[in-house]
Number of protein chains: 2
Amino acid sequence: MTLSEEDYIKAIYHLGKGENTTVSTNAVAEQMETKPSSVTDMVKKLSDKGVANYKPYKGVSLTEYGKKIALSLVRKHRLWEVFLVEKLNFSWDEVHEVAEQLEHIKSEKLIDQLDKHLGFPQVDPHGDPIPSKKGEFKKTIKKLLNEVPVGTSGICVGVKDSSPPFLKFLDKNKIALGDTILVHDKEEFDGSFDIKIKESTIHISNQIATNLYLKITE
Amino acid sequence: MTLSEEDYIKAIYHLGKGENTTVSTNAVAEQMETKPSSVTDMVKKLSDKGVANYKPYKGVSLTEYGKKIALSLVRKHRLWEVFLVEKLNFSWDEVHEVAEQLEHIKSEKLIDQLDKHLGFPQVDPHGDPIPSKKGEFKKTIKKLLNEVPVGTSGICVGVKDSSPPFLKFLDKNKIALGDTILVHDKEEFDGSFDIKIKESTIHISNQIATNLYLKITE
DNA sequence: ACAAATATTTAGATTTGTCTAAATATTATT
DNA sequence: AATAATATTTAGACAAATCTAAATATTTGT
């Protein structure tokens, strides 16, 4: 597969939300920041190669073979993201662009060994699951911290309230996007929580808990 | 720079042995495994871009700017090779192809952090020097083990005698290409040596010493 | 159901990097 | 120094991936 073909495969995969959903030419064009006519050309080629199913005017979906390629790209992308954050001190929001390049490197041994080097991580720095070599992975969902059962751990992926005071609070308490948070205990009386974050346990009010999104594995 | 342009720059650099030597169209074509006419086209373009000096029928050399790009590619290539060997258990002879791909990844932060992650290595697994960010590096030369002064350390890069008995000897004594060897002591009487390899010191005869090539920093 | 709006495809052009074959320049030989 | 051998360039073609503009199909609104 060429670089460009791989990018189209990933776009179709993501637009189809990981299912073998049919997506429109225009949707792919928008995602790829290209023109619909270019998409038509490319999906014809992908179809000829057995990677996609294309029906003129009806849209395009990935074949099983195409899905496998997409999953392998997602796996590579997310493993590299973990590498960049864990080993090279990249932050949460700096990894995407570089991972977009690294995901195209072709070497099975490289990815197997990288996986091992990183300790076989299950999720990337954004909390998204990393497919196994065979293409299997766990689904994840986004929930407010106060909605997850005690004992669950997840990755902090967003805030509901993005006002300066709240963001300042998070900063002061060293809570950042990408951090792994374990919901340790809940106080029924006032709905406050004990959470473990980076080896230390802190106490947060219910109001804080209802404004923090976690990504958790179901 | 595109992938292809970068490959040509590296080829011109290597054929010119790192100096701003003028190299012939045919030489570049052979190195790149392409046709001379393709080289002509490309060096014209590189010339237009200020990367190379091209005089029809006279050959091509890199400009200072082109040399900078070449050194940055060499730096990236060799750092990735160290990474593959040190962190991902690749062996000496498996790294080249993957590093050829990785060297094209564009991210200054990535390379700076990789350098740091690896402990700022000075040479790659083949004993070749890694240029600094500014493009400076130490020259290295290949010498037979018996020709280097006591106290020198270098990387084992080849054998003069490649007969099965000799290779078997190396194997038995756990001496492999890519290993760092310190010449610890020399016995004047019979020209034998004590060498340190991977934390253990062993004794080798003069005959062995005259058949092992080391790459050392001058 | 029909016209208007939107989506998609086709046709033809463009850029990049490559190739082959022919033309031209350089170098080597006698 | 003239010719033969070799090296290099030019001209023209091709494939991949893209684009614009025009043509065609589908969907939507009344």
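The values are calculated or read from the model by the stated rules, or taken from the named source; none is laboratory data. The model shown is predicted, which means the values in this text are computed figures rather than measured ones. Using ideal geometry, Cβ is built from the backbone for each residue, glycine included, and neighbour counts are taken over all protein chains shown. Ligands, DNA and RNA are stripped out before the accessible areas are found, and what is left, the full protein with its side chains, is counted by its heavy atoms. Shrake-Rupley method; radii C 1.70, N 1.55, O 1.52, S 1.80 Å.
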With a 1.4 Å probe and every protein chain left in place, work out the accessible area per residue of chain B in Å², rounded to a whole number. 53 Å²
Helix-only estimate, please: 222 nm mean residue ellipticity of the protein assembly as shown, summing -39500 (n - 2.57) across DSSP H runs of length 4 or more and dividing by its residues, to the nearest 500. -12000 deg cm²/dmol
Excluding ligands, DNA and RNA, the carbon-plus-sulfur percentage of the accessible area of chain A with a 1.4 Å probe reads 50 percent
Inter-copy spacing of A:Gly191 label points, which lie 7 Å from Cα along Cα→Cβ, given in nm from shortest upward: 8.8
Residues in region A:130-150, backbone N under 19 Å from the label point at A:Glu86 (7 Å along the Cα-to-beta-carbon vector): list them, ranges by number please. A:130-140
Using alpha carbons only, how many degrees (0 to 90, rounded to 10) separate the axis of helix B:3-15 from the longest principal axis of chain B? 60 degrees
Using amide H atoms built 1.01 Å from N in the peptide plane, name the residues 5+ places from A:Asn53, or on other chains, whose amide H lies under 5 Å from its own. A:Ser61, A:Leu62, A:Thr63
Given axes a ≥ b ≥ c from the Cα gyration tensor, I'd like to know whether region B:3-62 is rounded (a/c under 1.5), prolate (a/b larger than b/c) or oblate. rounded
Accessible area buried at the B-A interface, both sides summed, 1.4 Å probe (Å², nearest 100): 1700 Å²
Run the numbers on region A:67-90: which residues show a drop of 10 Å² or more in accessible area, chain on its own versus all protein chains together, using a 1.4 Å probe over heavy atoms? A:Trp80, A:Phe83, A:Lys87, A:Leu88, A:Asn89, A:Phe90
Rank B:Val150, A:Val157 by accessible area, highest first, at a 1.4 Å probe radius? B:Val150, A:Val157
Area accessible to solvent at A:Lys45, 1.4 Å probe radius, in Å²: 90 Å²
I want to check the label-to-label distance for A:Glu33 and B:Lys133. Put each point 7 Å from Cα in the C-beta direction and report it in nm to one decimal. 2.7 nm
Please list, in order along region B:131-140, the HN-Hα scalar couplings obtained from phi with the Karplus expression 6.51 cos²θ - 1.76 cosθ + 1.60 (θ = phi - 60°), rounded to whole Hz, x for Gly and Pro. x, 6, 4, 7, x, 8, 7, 7, 6, 10
For A:Ile202, go 7 angstrom from Cα along the Cα-to-Cβ vector, then report the distances to that same point in the other copies in nm, smallest first. 5.5
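Between their Cα atoms, which of A:Lys68/A:Lys139; A:Lys109/B:Lys133; A:Lys106/A:Lys134; B:Lys160/B:Lys196 are more than 23 Å away from each other?
Working: A:Lys68/A:Lys139 17 Å; A:Lys109/B:Lys133 29 Å; A:Lys106/A:Lys134 17 Å; B:Lys160/B:Lys196 20 Å.
Cα-Cα > 23 Å for A:Lys109/B:Lys133; rest within.
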Which angle between 0 and 90 degrees, to the nearest 10, do you get for helix A:64-86 versus the longest principal axis of chain A when only C-alpha atoms count? 40 degrees
Phi-derived 3J(HN,Hα) across region A:113-123 with the Karplus relation (6.51, -1.76, 1.60, θ = phi - 60°), rounded Hz, x for Gly and Pro, is 6, 5, 4, 5, 4, 8, x, 6, x, 9, 9
Between the chain alone and the structure with every protein chain in place, find the residues of region B:91-139 that drop at least 50 Å² of accessible area; heavy atoms, 1.4 Å probe. B:Gln101, B:Ile105, B:Lys109, B:Leu110, B:Gln113, B:His117
Any chance you could look up the accessible area of A:Arg75 with a 1.4 Å probe, heavy atoms only, rounded to 10 Å²? 20 Å²
Gyration tensor (alpha-carbon) shape descriptor, the protein assembly as shown, a/c threshold 1.5: oblate
For label points placed 7 Å from Cα toward Cβ, what is the shortest-first list of nm distances from B:Lys55 to its copies? 6.6
For a quick check: with amide H placed at 1.01 Å from N, whose amide H comes under 5 Å from A:Leu144's, ignoring anything fewer than 5 positions away on the same chain? A:Leu214
If ligands, DNA and RNA are left out, what is the accessible area of A:Ser38 with a 1.4 Å probe, given in Å² to the nearest 10? 40 Å²
Quick one: dipole size for region B:141-217, taken about the Cα centre, charges +1 on Lys/Arg Cβ and -1 on Asp/Glu Cβ, in debye to the nearest 20. 340 debye
